[in-house]
Structures are given as C-alpha cells and as structure tokens.
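Read through the structure below, which is laid out as structure tokens, and then see the notes.
The values are calculated or read from the model by the stated rules, or taken from the named source; none is laboratory data. This is a predicted model, so every value here is computed, not measured. Here Cβ is always computed from backbone atoms with ideal geometry, including for glycine, and neighbour counts include all displayed protein chains. Surface accessibility is based on the protein's heavy atoms, side chains included, excluding ligands, DNA and RNA. Shrake-Rupley method; radii C 1.70, N 1.55, O 1.52, S 1.80 Å.
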Amino acid sequence: MTVNTDDLKEILSRVEKPARYTGGEFGSVKCGPSPFFFCMAFPDLYEVGMSNLGIKIVAESFIKRGYAADYCFAPYTDFGDEIKKAGIPLYSLELKKPLREFDMIGFSLQFELCYTNVLYMLDLAGIPLRRADRKGGNYPLIAVGGPCTVNPEPLADFIDIAFIGDGESADADVAELYIKCGGATDEFFERAAQIEGVYVPALMKVNYSADGRIASFESRYTPKRAITEDLDNAVFPMSQPVPNCESVFDRSIIEVMRGCYRGCRFCQAGFIYRPVRKRSVKTLTEQACSLIASTGYEEVSLNSLSTGDYPHLRELIRSLKSSLPPDVTLALPSLRADSFDADFAQDARKISLTFAPEAGSQRLRDVINKDITEDEILRAAASAFDGGYSAVKLYFMLGLPTETDDDLAAIRTICDKIKGVYNSKKRAKSLRISVSVSTFIPKPFTPFQWERQATESEVGAKQKLLKDKLYIKGVSLSWSDYFTSRLEAVLARGDRKLCDVIERAYIYGCRFDGWGKDLKKDAWQRAFDDCGISMDEYTRERGEDEILPWEFIDVGIGKKFFLSERKRAYEGKVTGSCASKCSGCGLQKVCPAAKGER
C-alpha cells in the first residue's frame with residue numbers, strides 16, 4: 001500500500017513548509033522490491049534531520065546489503081493534526097509507504113527532548129506505543145539508535161531493540177537475522193541480543209528495592225557497544241539526497257574522524273565515541289568530491305568532535321582545495337582554541353568565530369579537564385582577528401562541580417582580555433563578543449555521572465552574577481532555559497519508570513520539547529505528579545556504590561576509570577589528551593593512539 005498523494009494536496013496547501021512532506025528529493029535512492037524494508041525515522045523536523053550525516057550512514061548500511069531504506073521525519077503539528085483528522089497514516093518520503101508496513105522503524109535519538117516525538121510518530125503511524133500492546137500483532141520492529149541509547153531505559157517499554165554504538169553493521173545484521181528467523185520470533189530476539197551493539201529491553205529485568213531505587217538487573221546478555229575500527233572501509237553514502245527546502249546545515253558533510261582525544265569530564269560524546277578513529281586524506285577527498293558532484297553544494301563541512309586534532313589537517317585542506325571546484329568553500333565547525341590556526345579557516349565567511357572555554361578560570365578548566373590555557377585562548381583570538389574576524393562567540397557552562405562565584409567572574413576577565421587583544425591594533429569594525437552560558441547536565445558514562453544538577457535558585461543567582469558582570473559595551477549574554485536543562489538531565493539519567501511519565505506527557509500534548517516555543521512545562525510537571533515521580537530524584541547526587549540505570553551496558557570504559565577521573569577532578573588535576581599519553585580507560589586494545597598511532 002502507498003499513500004495517495006492526491007489525498008495530500010489540499011492538506012499541503014494549508015500547512016507551513018509543505019516541501020517537508022512531498023519527497024522526491026534530488027539524489028534520493030529509488031527503492032524497488034526488497035526482502036526487508038527499513039524506515040530511518042528522525043523524531044524532529046525535516047530540516048534538522050536532513051542535516052544529519054548519521055542517519056544517511058545507517059540508511060546506506062541497509063542499501064549496501066540489498067535492502068530498501070527510506071526516511072521519515074516528525075511532521076510539525078499542523079501537518080500531523082491534518083493527516084490524523086483525515087485518517088492518513090504517517091508515511092515515508094520516497095515510497096509514500098505507511099510506516100506500519102515497514103519491517104523495521106529505526107529512530108535516531110540525538111537529544112533526550114525528542115522522546116515524546118517518538119511516541120508522536122508511532123501514534124500518527126497507527127502503531128501501539130507500548131511493546132506489550134504490539135505483541136502478536138503485525139507491526140514493525142521499533143528500534144532506536146544514536147548517542148542517547150547509551151541509556152535507553154526511559155524508552156524501554158516502547159521499543160523492541162536499542163542499537164548502542166556505531167551502527168554501520170549491527171543494524172543490517174539484525175535485518176538479516178530477522179529474515180532468517182521468519183520475523184520477530186522469540187528465537188530472533190534471543191539471537192539479536194547476542195549481536196554486539198544490540199540491546200533487547202524485553203530480556204532485561206530490573207529489580208527495585210523498597211526505596212524505589214534499582215536493586216539489581218537480571219539478564220543472560222550484557223549489551224556491549226559496537227565499535228567500527230576501520231572508518232576508511234566503513235559504510236559511507238557517496239551521494240546523498242538534497243533537501244527540498246533549506247536545512248539547518250545546507251552543505252555536504254564528511255566525517256574526518258570519530259571520537260575525541262581530550263576527555264573533558266562533562267562531555268558524554270568524548271567518552272561514548274572513544275577511541276579516536278580517523279579517515280585517510282585520500283578517503284576524505286574522494287568522499288568530498290563525490291558529494292559535491294552529486295549534490296551541487298558549494299560548501300563542505302569537515303566534521304568531528306575536534307577537527308583541529310586531526311593530525312593531517314593541513315594535508316587534507318591542500319588535497320581538498322586542489323581536488324574540489326574552486327568555488328567550493330570549507331567549513332571547520334569544531335576547532336578548539338589550542339588548535340586554531342587562521343590558515344584553517346581562511347575559506348570561511350569571516351563573520352563570527354566560536355570558542356568553547358567552558359569555564360572562566362583556569363582552576364575550573366583543570367577540574368573539568370579542559371586542558372586549554374587563557375594564553376592559548378588569547379593567541380587563537382589574535383590569530384582570528386588578524387585573519388579578518390570581528391566577532392567571537394564564547395560558550396561556557398554554569399553549575400559545574402566545585403564552581404565558585406570567582407570562577408564565574410573570571411568569564412568577565414576573559415572578555416576584557418579578548419577586547420584588549422582586538423583593540424591592540426587598528427581594526428575596521430568594532431568587536432562583538434557573544435557569551436552563551438548553559439546549565440551543566442550530568443550525563444551517563446562520564447566522570448560527572450554521579451554529580452547533582454544545580455537547583456533553579458542556584459542557577460538564577462549565577463545568571464544574575466554574570467548579567468551584572470557582563471553589562472559592558474560590545475558584549476551580549478544569553479543562557480539556557482532552566483526547566484529545559486532540568487528535563488534533559490532527568491531523561492538522560494532516567495530508568496524505565498520514566499516510560500509512564502513520557503507517555504503521560506505525550507497524552508497531555510507534549511511534542512517538540514526541544515523547541516522552546518513548543519515546550520509545555522506545566523504538562524510535563526503534571527505528568528510527573530500524576531505518576532508520583534519527583535524530578536529531584538533524577539537530578540540529585542548519586543552514591544558511588546549506587547546502581548545506576550545504565551550501568552549494565554558495556555561501553556568499553558569501566559566504572560573504575562570514571563571514578564578515578566572524578567577523584568582527579570576534585571583534586572584539580574588534569575589528565576590531558578589521549579594523544580599525548582594513554583590514561584588506561586579500558587579501550588587500549590582497540591585504540592590506535594594507545595598503540596602509538598597518531
């Protein structure tokens with residue numbers, strides 16, 4: 001069955017950005033008959049999802065195996081309400097196939113505040129939200145992947161499978177097993193749970209103690225994160241669909257390397273994507289040339305958690321410049337202050353440069369293992385200003401462990417010194433400094449996973465201090481909404497008891513919670529109250545001997561290492577970069593840096 005596009009015409013004339021829902025993107029893969037149909041579902045808007053390289057890699061992994069892969073994005077509420085009223089099920093873009101008729105729907109979880117959108121998309125597709133309610137019915141497998149799945153428990157009752165880690169092979173391996181087992185049989189789930197990178201929530205029992213906290217886990221299987229060691233030979237889509245309307249990042253994207261050497265103690269990505277694995281200059285050049293030729297984009301983004309740490313960056317830039325058409329520019333969105341070189345950014349539009357010191361004082365940067373100095377920040381700023389930049393964005397966090405008012409006041413000092421560097425020479429424009437401050441969120445699988453989150457009153461006082469300190473010409477200040485940060489922390493650190501809360505919040509109208517204008521704070525609070533669950537229980541400090549909701553998952557880094565890093569944080573000791581010295585996190589056997597490769 002396919003959705004009749006004639007039935008959509010009148011609806012499309014009434015909604016915002018109808019191009020989100022029409023399909024037919026230039027470069028889309030045409031799907032023919034297949035033994036397995038996979039829908040790559042992104043629980044956010046089309047223009048956000050179409051900018052995501054990861055979902056294209058996953059879709060390509062199915063296509064390479066000879067399976068059909070199509071996309072679906074969360075429709076905004078105007079379109080969602082219209083198709084529900086008209087009885088039209090949510091469908092995939094290219095095939096116009098109802099999601100209910102796919103063999104597997106894979107949701108990419110990039111952000112915890114998209115969880116209600118998963119339920120929203122299932123509901124629009126006519127698929128029961130709960131796994132228990134789908135049992136025995138002819139429904140697709142509901143899977144999730146992406147960074148949030150290192151703690152999949154808040155969605156455990158809704159999903160059949162969670163893919164943990166690199167998804168280049170595990171996803172399609174499950175499809176192959178599904179065909180062999182004749183569908184979603186008991187044998188299929190038992191065998192799927194033994195695939196590296198696969199977690200089957202139905203095979204995990206969680207026992208709670210009288211105080212409502214986790215007492216133990218019971219399962220025959222230990223989910224282990226999948227790690228793709230050879231990125232040069234990994235799946236990569238050499239051509240990609242071009243969005244029908246402007247996307248968040250309107251350019252081609254290549255992944256220079258995966259992982260980060262730095263080990264910032266607050267950064268979940270820096271740990272769950274370890275070890276650092278790199279693509280060769282030859283491979284990256286071939287990928288960039290192919291994407292530009294097939295899409296017509298005029299910009300290539302060199303993505304990674306810290307592109308400046310790529311050891312062959314100069315060689316790569318030379319190779320790309322000599323191989324790509326002369327009008328194609330390069331974007332390097334993730335340069336650290338201590339790896340910034342104006343030569344790297346010379347092709348970029350010289351409007352604003354972004355640095356993330358994260359903390360104002362050197363003391364607090366040492367606590368979080370952000371091993372950059374004030375001098376390095378100022379040298380990077382000077383290099384940028386000499387290269388033509390006249391605006392700087394600075395990202396900081398507040399509420400970090402051991403933080404004091406002096407640490408926050410030091411943000412003003414950095415701004416003053418950056419202004420001094422700029423004004424030391426005659427410039428054509430006035431300097432603009434934008435300071436953005438987010439509330440610290442303790443995330444799973446980091447040395448700070450046991451920390452508490454600062455309370456609303458504490459955060460309000462810190463924000464007022466910064467507002468008073470930064471009330472100076474040429475400096476603007478913005479900060480994150482506290483409730484949004486608190487909800488993210490709760491969902492990130494949650495257990496499967498939150499399934500009831502998420503479902504209730506969805507029933508109360510919560511969707512697109514990551515978009516400030518759509519977040520319904522009262523509805524979320526009502527959902528927690530109805531379920532008798534306090535948000536404080538999930539934002540409190542955890543005991544180091546307490547069983548955490550996610551600790552049954554093996555990400556390759558042991559609890560002992562995280563605890564040692566937490567201890568070093570409170571001692572103000574810097575561990576430093578994996579590139580300079582192995583810290584023995586547990587991934588030495590698969591880590592190129594630990595073997596001396598750079």
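Quick notes on this one:
- Asp530 satisfies every condition listed in (1) open to solvent by 20 Å² or more (accessible area, probe 1.4 Å); (2) over 28 Å from Ala162 (Cβ atoms) except (2).
- Residues being open to solvent by 40 Å² or more (accessible area, probe 1.4 Å) and hydrophobic (A, V, I, L, M, F, W, C) - total across the stretch 452-476: 1
Conditions tested, residue by residue: (1) more than 28 Å from the chain's Cα centre (by Cα); (2) open to solvent by 50 Å² or more (accessible area, probe 1.4 Å); (3) not polar (S, T, N, Q).
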| site | (1), (2), (3) |
| --- | --- |
| Ala184 | yes, yes, yes |
| Ala192 | no, no, yes |
| Glu196 | no, yes, yes |
| Tyr199 | no, no, yes |
| Tyr208 | yes, yes, yes |
| Tyr221 | no, no, yes |
| Arg225 | no, no, yes |
| Ala234 | no, no, yes |
| Asn244 | no, yes, no |
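- Only one entry of Val475, Val459 meets the criterion of being over 30 Å from Lys560 (Cα atoms), in contact with a Phe, Trp or Tyr (Cβ under 8 Å, 6 or more places away or on another chain) and at pLDDT 95 or above, and that entry is Val459.
- Index of the failed condition, Arg365 passing every other in (1) closer than 24 Å to Arg542 by Cα; (2) in contact (Cβ under 8 Å) with a residue 24 or more places away in the chain; (3) not acidic (Asp, Glu): (2)
- Residue count, the stretch 61-88 (criterion: open to solvent by 30 Å² or more (accessible area, probe 1.4 Å) and either in contact (Cβ under 8 Å) with a residue 24 or more places away in the chain or within 25 Å of Phe163 (Cα to Cα) (or both)): 11
- Qualifying helices (runs of 4 or more DSSP H) (wholly inside the stretch 484-598; at least 2 residues being closer than 30 Å to Asp232 by Cβ and among the basic types (Lys, Arg)): none
- Residues being of a type in the set (Phe, Trp, Tyr), open to solvent by less than 10 Å² (accessible area, probe 1.4 Å) and at pLDDT 95 or above - total across the stretch 248-280: 1
- Within the stretch 18-36, the residues that satisfy the criterion of being open to solvent by less than 90 Å² (accessible area, probe 1.4 Å), in a loop (DSSP other than H, G, I, E, B) and not acidic (Asp, Glu) are Tyr21, Thr22, Gly23, Gly24, Gly27, Ser28, Val29, Cys31, Gly32, Ser34, Pro35, Phe36.
- Scan of the stretch 355-407 for residues that are among the aliphatic types (A, V, I, L, M), open to solvent by 10 Å² or more (accessible area, probe 1.4 Å) and in a strand (DSSP E or B), ordered by number: Ala356, Met397
- The single condition from (1) open to solvent by 30 Å² or more (accessible area, probe 1.4 Å); (2) in contact (Cβ under 8 Å) with a residue 60 or more places away in the chain; (3) touching a helix residue (DSSP H, G or I) at 6+ places or on another chain (Cβ under 8 Å) that Ser434 fails is (3).
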